[in-house]
Amino acid sequence: MAVYREKDIFERRSAANEAKKALLERFKARPGPDDPAVQARQAERQAILKARAEREAEKEKLRQERLAREAVERAKREAEEEAARLAAEELAREDAKRREAEETTRIAQLLADEASRKAKRDARYAARKARTGRR
């Protein structure tokens with residue numbers, strides 16, 4: 001069975017220094033900004049960004065067109081609804097006038113009938129008085 005041996009400070013320090021050196025060498029090994037591969041990647045990234053910007057502009061243009069179309073349709077629909085509402089109100093007013101005229105005619109007919117019945121009743125009353133007055 002192996003015994004765990006703890007590293008002392010010197011071993012830890014040398015391992016940290018070696019890691020730093022390896023990191024520095026990897027950084028130094030990277031190609032510079034004037035390297036053709038780096039420039040090609042940069043150009044590719046720029047092309048991708050430009051294409052993305054064009055797609056977003058096209059999407060925005062389509063969205064604005066859709067919003068404008070929807071606004072026109074909404075305005076048209078609201079105008080139709082307003083016209084329908086006004087027509088319904090006009091029909092309701094005409095119907096109210098017709099009902100009012102019918103009601104006025106019916107009331108006039110009732111008053112005329114009442115007056116006619118009253119006149120007949122008064123005539124009967126007068127005839128009865130006249131008959132009793134003769135006796």
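A few remarks follow.
- The residues on offer are ALA37, ALA84, and the sole one that is part of a helix (DSSP H, G or I), loosely packed, with under 10 Cβ neighbours inside 10 Å and not basic (Lys, Arg) is ALA37.
Here is a yes/no grid of residues against (1) within 26 Å of the chain's Cα centre (by Cα); (2) of a type outside the set (Gly, Ala, Ser):
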position	(1), (2)
TYR4	no, yes
LYS7	no, yes
ALA15	no, no
PRO33	no, yes
GLN42	no, yes
GLU56	yes, yes
LYS61	yes, yes
ALA83	yes, no
LEU86	yes, yes
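- In segment 1-28, the residue that is surrounded by the fewest Cβ atoms within 10 Å (Cβ to Cβ) out of those that are assigned to a loop (DSSP other than H, G, I, E, B) and at pLDDT below 85 is MET1.
The values are calculated or read from the model by the stated rules, or taken from the named source; none is laboratory data. Because the structure is predicted, anything quoted here is derived from the model rather than measured. Methodologically, a virtual Cβ is constructed for each residue, glycine included, from the backbone with ideal geometry; neighbour enumeration extends over all protein chains shown.
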